[in-house]
Every structure is written in C-alpha cells, then in structure tokens.
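One structure is given here, and the rest of the page talks about it.
The values are calculated or read from the model by the stated rules, or taken from the named source; none is laboratory data. Predicted model, so just to flag it, every value in this text is computed and none were measured. Cβ atoms come from the backbone with ideal geometry, glycine included; neighbour counts cover every protein chain shown.
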C-alpha cells in the first residue's frame, strides 16, 4: 500500500509536499521561538508572569490536541486534520493581535497551541510517501524547526518587539499561517480511503485522556501560583488521576481503543513518553527560557536587548540545529533513532554542566549555547520528535505519536512550573540553580532512555523518494 501511494507521487510533488509540511510546522513553531526575545515587553504590557502563563496554556492546548487529533486522523485522514488546525491557528493569532486582555490572549494562545499536532501529522504523512533516506532527511528538516527558522525568527522577533511591541510578532505569524493553509491545501496529497483505520474514533477514551493530560498540566501551572497543596492544584491532580484510571478500564472494553494498554506498557512505548517529558521539562527550558532570561536580566545576567539576545544566543544555536538535524535524521536511519537519542542526551547533560560552570563568561557561554543547539536540538531533538512515529504499532500509527507529542506539553508545563519561580526569584544563585536542576532531570531522562527497546517494524517507509 505504501509503495503504491509513493508511486503515485512524482519527485516534484514530494518536494512540494515536504515544503508545505515545513511551512505548517513553522507556523506553529514561530509562536514559541519568536516570542522568546519579547519576554520583557510581554510582561511589561500584560503583567508579571504573563509570558509563563501564555506558554503554559499554549502547550496545554497542544498536549490535548495531540492525544485526540492525531489519533482521529487515523479515521478521517491526515490532510483534513492538518488544514483544520492551521485555520484554528490563524483565528487564535488574530485574537492575540487585537486584544490586550490577558484572558483573551490566553484563549488565542490555546487556539494557536492546537497546531502543535502539525509535527506528528507531518511525520506520519512523510512516512507514508517517502523512502527511508528521504524520510530521515525530511524528518530532520522538520525537527530543525523546533529551534526556529535558522534563528532569523528570533532576530525578527527581537527587532519587532524592541520597535513595535510584541503584538507585531503575531502579525508576522499570521502571514505564515495563512501561507501554510494555502500550501497544505494544494500540495499535501489527498487521503487515500484505503488507509483509513477500521472502526470509529474512541471519543470516550479521547475525553478521558484529554482530561488527564489537561489536569496534569493545570496542576503544574496552578501549583506554581497558588501552592502545590492548594485546593485548586489538588483538585486538578485528583481529577487527572481519576480520568487516567477510568481510561484504563474503558480502553480494555473497546474494540477500537484510542490506545491499547498492552502497547502503552511495552518498552517500545512508555520510555518514549517518559523521556519526552523529562527532556522537555529540563533541556528545552535551557534555550527556551533560562538562556533568554540570563541574557536580558540586568542584575544577575548580561542586560541585553531582545534583538541582541537573539543575535548572540538564539540565532547561532538555531542555525547549528538547522544544519545538524537533517544530517542526524539520515544518520538515525542507519544507527537507529534510539541510539541517536542517547548520544544527544548525553551530550546535552555535559554541555549543560559547562553552562552552569561558565555562567558569567559571556563569550564562553555563547559558544556553549551553540554547542547545546547541536547536541540537544540537532541530535536528541531529532530522535525524540520522530520516535513516536517509528515506535508506534503498525496497525495504530496515530496512537503513540499523539501521546508522545502530548508529553511535550506536560514536560513544558512541568518545566515552567519549576523554572519560573527559580529563575524569576532574582537572586545571584537563581540561574546556576536552574541549570543544575536541568542537569539532574536530564540525567534521569538518559537513564530512562537506556530502558527503551527499538521497535522492529515490517513496514518500512515508501520505496521511492
């Protein structure tokens, strides 16, 4: 079936498809990477803690969307879901442009965050239409978007924030979002009816797992504000636990479950989820939150502007990641994505240790941030992004990618929950403490990756490029 599908696509159509998928992922990623240099302006205009709140709800929506929509695409088709979430991104972006009310901005950020599913959908679509080598390189390009668009987005975000305010960043994002809708509508192949999964979507399971994921995310975000033992925080975690417990009972009785519990318990699946949570809760905090905060802080940091922060730290790391990721994707086809993950994780631990040790040397610190973009963004990030697809069971290809992608949201909520209070405390020990926490959590993630067992699949990617 995959060979038949691939045979229907010319090389030119493959290139256009990959380009359209790149723009779709870019439209999501710009919402994160372009805002990093605008932390100070956002918190000045919307209030202290607003950036963390915007990020938390953004990734919360992505987590919920992933566990539901990617699996739903098994039943109704990848392209239909992809175009729909891109339209929602555009609607949310318009809302963020024209309002300065934090609650409404959060609604807009949630609509934008749902487009997180573009990653999983892009990998699934490419795996169905590309050869193994082409899939590895193209998947690396998609992964490279997690570091931004060669750092140019960070520079543009810093410039726009410094000159016109953070809302001008959303205008640029809207333009890319509209282009993504047009390109994906035209260039992504129509869904083949023969690939539609049998049965129907398990909406009861989807609701329960969405409640569980949302409850965990809200526990971290509310616990950070109201206290971990507050009634609100405890209510969220109790509701999440109850929903996930009910999910186990419900899924065992379903003919077509959202995810089979036997698959989820296997060494091919649960370590993927655990490693994703641990890595995003630690290493993604480094360049996504801690480094920009260090660069812009005038007391314990370097006191730089948003544009200079992007120029010295964010852009070089993103450029290196953009170069490394496609090569890493091709290498992973040979040595395995699990092996690539372990190499990248170990390198990220070492570099983060060095970042903590050379925190006050701006030149050395900038060089280390670039190296971090290579080992974590280029190597570990590439493997981690694709593992949900290559480790998924063949008869339920959308089950594990949805949950593993949702784990990004859980991990980032966890990361902002612990990093926000530490980094924002404003003491001399804040930044080194945050980096050492990243090291400790990263070590745990590496140990868990050693438990992961690569899935042996009889279904390779398509035979033609």
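Out of the range 84-97, which residues are surrounded by fewer than 20 Cβ atoms within 10 Å (Cβ to Cβ) and either in contact (Cβ under 8 Å) with a residue 24 or more places away in the chain or within 18 Å of the chain's Cα centre (by Cα) (or both)?
87, 88, 94, 97
Working carefully through the options 419, 406, 392, find the one that is surrounded by 24 or more Cβ atoms within 10 Å (Cβ to Cβ), within 23 Å of the chain's Cα centre (by Cα) and assigned to a loop (DSSP other than H, G, I, E, B).
Values: 419 fails: assigned to a loop (DSSP other than H, G, I, E, B); 406 fails: assigned to a loop (DSSP other than H, G, I, E, B).
Only one candidate passes the filter, namely 392.
Quick one: which helices (runs of 4 or more DSSP H) lie wholly within the range 272-370 and hold at least 3 residues that are over 20 Å from residue 415 (Cα atoms) and either free of Cβ contacts under 8 Å to residues at least 40 places away in the same chain or within 20 Å of the chain's Cα centre (by Cα) (or both)?
315-335, 337-357
Can you pull out the helices (runs of 4 or more DSSP H) entirely within the range 163-267 that have at least 2 residues that are buried (at least 20 other Cβ atoms within 10 Å of the Cβ)?
167-187, 203-226, 231-252
In the range 316-332, which residues are surrounded by 20 or more Cβ atoms within 10 Å (Cβ to Cβ) and farther than 14 Å from residue 371 by Cβ?
322, 325, 326, 328, 329, 331, 332, listed by residue number.
Looking only at the range 11-68, which residues are within 18 Å of residue 290 (Cβ to Cβ) and out of contact with any helix residue (DSSP H, G or I) (no Cβ under 8 Å at 6 or more places or on another chain)?
Selection gives 48 alone.
Pairs, please: C-beta under 7 Å, at least 6 apart or cross-chain, first residue closer than 16 Å to residue 325 by Cβ and in the range 127-142, second modelled with pLDDT of 80 or more and outside any helix (DSSP H, G or I)?
138/130
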